[in-house]
1. Between beta-carbons, use under 15 Å as the cut-off and find the net charge around A79, counting Lys and Arg +1, Asp and Glu -1.
2. Can you give me the Cα centroid spacing of region 276-318 and region 15-62 in angstrom?
3. Can you tell me the FRET efficiency between H167 and S27 if r is taken as the Cβ-Cβ distance and R0 is 56 Å, rounded to the nearest 0.05?
4. Let me know the charge dipole size of region 286-392 about its Cα centre in debye, to the nearest 20, where only the beta-carbon of Lys, Arg (+1) and Asp, Glu (-1) is charged.
5. Going 7 Å from the Cα of D143 along its beta-carbon direction, which residues of region 87-106 have the amide nitrogen within less than 15 Å of the resulting point?
6. For a quick check: with amide H placed at 1.01 Å from N, whose amide H comes under 5 Å from G219's, ignoring anything fewer than 5 positions away on the same chain?
7. With +1 on the Cβ of every Lys and Arg and -1 on the Cβ of every Asp and Glu, and nothing else charged, how large is the dipole of the chain about its Cα centre, in debye rounded to the nearest 20?
8. Shape verdict for region 278-392, please, from the Cα gyration tensor: rounded (a/c under 1.5), prolate (a/b greater than b/c) or oblate.
Amino acid sequence: MQDYVDIGRGRVARRVYGLDQVDIVPSRRTRSSHDVDTSWKIDAYEFDIPVMAHPTDAVVTPEFAIQFGKLGGLPVINAEGLWGRAADLEAALAEVVNAARGELESFYSSFDAASDNSALKTADYGAANEVLQRLHAQPLDVDLLQERLSLVRDSGVRFAVRVSPQHAADLAPALLKSGMDMLVVQGTLVSAEHVHRDGEPLNLKEFIGSLDVPVIAGGVVDYTTAMHMMRTGAAGVIVGSGDTTNSAALGIDVPMATAIAEAAAARRDYLDETGGRYVHVIADSELATSGQVAKAIACGADAVALGAPLAAAESAGAPSWYWPAVAGHPKAPRGEVSFTGEYGTLPLEELLFGPTSNPYGVQNIVGALRRSMAKCGYTDLKSFQKVDLVVR
């Protein structure tokens, strides 16, 4: 039953829940975490862990993509990012980080120099985003992009490439030549038909039907948009808008517990509607801890997309720093360049599988998911979606 509340005379709003308002409740026998299987399969491809990398240059370089894929995850490369724009990718990432570091230094020096919050107004806000905007304004060199994608392809790992709805049709032919395994059509929020004032709208159903690779599309925020997306023929639907500042910039936010549960309901109904076609639900929002990963799957997700947590890997593009793919938008960036290195960096394998001495759920991410599943008595992801939940 939907719960509606009055927020003022003549205006009502639906009550929704975020992941931090939901908890998992063990209700059956426990098991050993060694008996837990975290593998998931989308289309013809099977992965050892239910983790997809958010398509940000802050994390996903060719080296990271190869390592992440070999460890069982699905790396996703941003086709419209710096891979095809910066001849010296390492130097470009360092320029962004240096600007962000300067922002922090400016903030703290301004704060220390005055006795009230007015000092914060003098901090050098937005410098790192300006660098990203300038770097993203460089023309996209498709040959350079294909060259870097070939490094990942030649390693033998499965990988996906992300495009925005605005540029999907133009970039798809070149990306298909790169040997990618999947295409991700992702914006902060995506509909089944993206209307563009200066051109033909992107009809996702027709577009997906014309491709020989499976497509993951999103993000969606509720039952209706999830159902529409599934009817386009997408193999997977992304729920959420990534680690963005949509709420601050656009007044739009995604209550992830509710959004995932509604997408899972759409998946069930679409399964009945089609007589057996299963569409995978992938949660992509501000998932910061292993506990939130476990809750996302308990709410109905088949897998999660991680961004900021993976920035702690030594092999990340900008270790200890993070920004989402839309942080370099030319007119309305929805994401800041933030420092995420409070707990230092470590090898990617340890970040995913441990061991760790950190008790805050930011390391041993997959290992903690396995333990959560085992504590509740479940041995696979699909059955874990049936675990009992409570709301705070």
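1. After counting each charged neighbour, the total is -2.
2. One Cα centre to the other: 6 Å.
3. 0.75
4. Around 400 debye, computed over region 286-392.
5. Residues passing the 15 Å test: 87.
6. Result for G219 returns G187, L189, V190.
7. 1260
8. Oblate shape, in that a/c is at least 1.5 and b/c is the bigger or equal ratio.
The values are calculated or read from the model by the stated rules, or taken from the named source; none is laboratory data. Predicted model, so just to flag it, every value in this text is computed and none were measured. No Cβ is skipped: glycine too gets one built from the backbone with ideal geometry, and neighbour counts run over all protein chains shown. The area values use the complete protein model at the heavy-atom level, side chains included, leaving out ligands, DNA and RNA. Shrake-Rupley method; radii C 1.70, N 1.55, O 1.52, S 1.80 Å.
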